[in-house]
């Protein structure tokens, strides 16, 4: 095991110092600027008496908060951190703080476009994701040294900036495949205003996709246009109607 890795006794949580994820589709200059703002806020928070700080930059809202295990214990073992000026939030379990020495700094970044609406990013397969929210943590004893967290038994809950709706799926950015993946992430009860909330065993960049809408549409065509029904359709003037033409175009 490398020197910068820490594995707890139950072997459920692994934390490793890692760089920020590089996401295809996010402007590199924007990503660099956001990362610099995150680092600045973390440094200011660690050196001062504040427990929470926030800033807005073109393309994102960044919130950092210092959190102690005593605060989580007082909140029944789970603490909700709300991003300033955004619907984004993260609910962290005591298990995570215990792994990081009882005190940590949480960074929540909600990505937006210049019009303050949800920014979308497509992966290499063309799957478009919305409501991007990044969650990072570092030990308070080593602020700014982002650690990789995985295999949490008591999952972190991430509230995205989009509403939970039919077909919405929680995903995270898989750097290895450059794809949005749902492994280890699932939707849980919606937020107070109907926001999509994702429960995750690890921390990274999260978002929402609507792959199920396309899958449902494709499946419905397969059922509709079997051999018998297709013969019946062809015997009518349905194909000349505008709605039929639009269906086949789609």
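The numbers here are math on the coordinates, done by the rules we state, and not lab data. Since the structure is predicted, the reported quantities are computational estimates derived from the model, not experimental observations. When we count neighbours, we look across all protein chains shown, and the Cβ atoms used for this are built from the backbone with ideal geometry, even at glycine.
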Item to complete: Could you list 146, 112, 51 in order of exposure, starting from the residue whose Cβ has the fewest other Cβ atoms within 10 Å?
Response: 51, 112, 146
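Given R₀ = 41 Å, what would the calculated FRET efficiency be for residue 125 paired with residue 49, taking r from the Cβ atoms and rounding to 0.05?
After rounding to 0.05, the efficiency reads 0.30.
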Worksheet item: Each label point is 7 Å from the Cα along the Cα-to-Cβ direction; what then is the distance between the points at residue 179 and residue 71, in nm?
Response: 3.8
Practice prompt. Would you mind ranking 38, 128 so that the residue whose beta carbon has the fewest other beta carbons within 10 Å leads the list?
Written response: 128, 38
Worksheet entry | Distance between modelled label sites at residue 56 and residue 30, nm, 7 Å Cα→Cβ extension | 1.6
Worksheet item: Fully extended, how many nm does the chain gain between residue 141 and residue 40 (0.36 nm per residue separation, minus their Cα-Cα distance)?
Response: 34.7 nm
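By average Cβ neighbour count within 10 Å, what is the ranking of 54-61, 200-207 from highest down?
Details: 54-61: 17.5, 200-207: 23.6.
The peptides rank, most packed first, as 200-207, 54-61.
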